[in-house]
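Chemist: Got a structure here, written out as structure tokens. Questions coming.
None of the figures in this text is laboratory data; all of them are computed from the coordinates on show. What you are looking at is a predicted structure, and each value in this text was computed from that prediction instead of being measured. Cβ: placed from backbone, ideal geometry, glycine included. Neighbour counts: every protein chain shown.
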Ligand code: HEM
């Protein structure tokens, strides 16, 4: 059975995932104790099946995990109805289309500032790092601005977030676990401080809006509010960094696709971004637990058993996508499930799409002749799939 932590697998998981799909049904992974749903039909069914829940398993109930535990159990992502319905509905009131549209000029400004900065600090050979200099700071700055996170503290955000999301990988080390505990404490305490300030002095930021939202006399309590802010800050950039980096790195290998981006940067942006997310998805695996006996793809999943939807595999399913292993930046329709499906479908999808479709043409217009300067360096993780760096020459 495939080893999801193997370096060669992580480098290019697609041949092994194709083999997994060839079984045509979920496959039991003995070592991990979980079914893997690799086809589009099965992965989609897992995400939509209401007998399969996102059940957060609390870590050892000792003091060290306490904050980590409630940051998850009080967040939308790790709760199920009726709590999920209440939280999602309250959060959607603040995180609404108008709020996202208001961010468009800010995304343009931040993109242009980053591109100007890149121009001013190019290496001698004209190279820069697409990840560290553009794909990463952009969504971090955007979500930080949206939540009213102070500029001078922005540098704290990515390390906290990365320490916490390492816990989603298949086998986090003891060191990673300790780092996640510390990051949870510090991040929660910091957001708590912001929340107290905003409750006293509301602004136009999302934290102030979230503190004010109310439905049927219900509001977010303090833990729910902090957990939501931490989730938005984390989810609001982790996948976007990698989605942009993975897709753009793939395009850089294919001259005809770069020509599409170069010759019609604005017209191709919408289909290109969705193809980025399909072709080399930034989030590969989401787990569910059966709350009652159910069935996926003809396989019985018993109460308490786990099953994972393999999104990146589903998005390469040749029964759904023509030439699934080919990057086609004009692909349309593109029913990928990179943003999930069902009740946990990504709340941030409109923001992520707006951010990427705004920034991609600006990058192409400023640097139309980008080329890979060296082989990009992969991060050693499967669940959150991305690059450490993608060095390009301008
Ligand atoms: C390219 C970027 C992104 C990708 C690929 C992505 C992907 C996903 C996926 C697959 C899920 C569902 C997880 C599951 O079913 O277990 C999800 C949920 C979520 N995402 Fe995103 N996301 C992205 C960007 C964002 C952004 C920008 C935000 C917020 C600012 C965000 C906030 C959320 C939240 C709050 C949830 C939980 C929704 C719920 O449980 O009801 N995401 N995302």
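Chemist: Provide the percentage of antiparallel DSSP beta bridges, counting only those with both residues in the chain; round to the nearest 5.
Modeler: 90
Chemist: Where does the chain land at 222 nm, in deg cm²/dmol rounded to the nearest 500, when only DSSP H runs of n ≥ 4 count, each adding -39500 (n - 2.57), divided by all residues?
Modeler: Calculated at 222 nm, the ellipticity per residue is -15500 deg cm²/dmol.
Chemist: Just the ratio, please: alpha-carbon radius of gyration of the chain over 2.2 N^0.38 Å, N its number of residues.
Modeler: For the chain, the normalised Cα radius of gyration comes out at 0.97.
Chemist: May I ask you to derive the relative contact order of the stretch 1-160, considering only C-alpha pairs under 8 Å and at least 6 residues apart, and to give it as an integer percent?
Modeler: Averaging sequence separation for qualifying contacts and normalising by length gives 10 percent for the stretch 1-160.
Chemist: Taking the number of other C-beta atoms within 10 Å as the exposure measure, put 393, 260, 204, 39 in order starting with the fewest.
Modeler: 204, 393, 260, 39
Chemist: Next up: Choose one answer from 92, 195, 330: the residue with the largest mean-square fluctuation in a GNM of the chain with alpha-carbon springs under 10 Å.
Modeler: Of the options given, 92 has the highest mean-square fluctuation.
Chemist: What ranking do 229, 346 get, fewest neighbouring Cβ atoms within 10 angstrom at the top?
Modeler: Placing the least packed residue first, the sequence is 346, 229.
Chemist: Springs between alpha-carbon pairs under 10 angstrom, Gaussian network model over the chain: which of 124, 177, 30 fluctuates most?
Modeler: 124
Chemist: Quick check: Cα centre of the stretch 7-23 to Cα centre of the stretch 275-303, how many Å?
Modeler: So the two Cα centres are separated by 16 Å.
Chemist: Moving on to the next point. Pairs of Cα atoms under 8 Å, at least six residues apart: use those to get the relative contact order of the stretch 7-393, whole percent.
Modeler: Relative contact order here is 27 percent.
Chemist: Among 302, 83, 98, which one moves the most in a GNM of the chain with springs linking Cα atoms closer than 10 Å?
Modeler: Of 302, 83, 98, the most mobile in the Gaussian network model is 98.
Chemist: Here is a further query. Can you give me the C-alpha center-to-center distance between the stretch 77-107 and the stretch 202-228, rounded to a whole angstrom?
Modeler: Centre-to-centre distance over Cα atoms comes out at 11 Å.
Chemist: Then there is this: If we count other beta carbons within 10 Å of each Cβ, what is the order of 237, 223, 72, fewest first?
Modeler: 223, 72, 237
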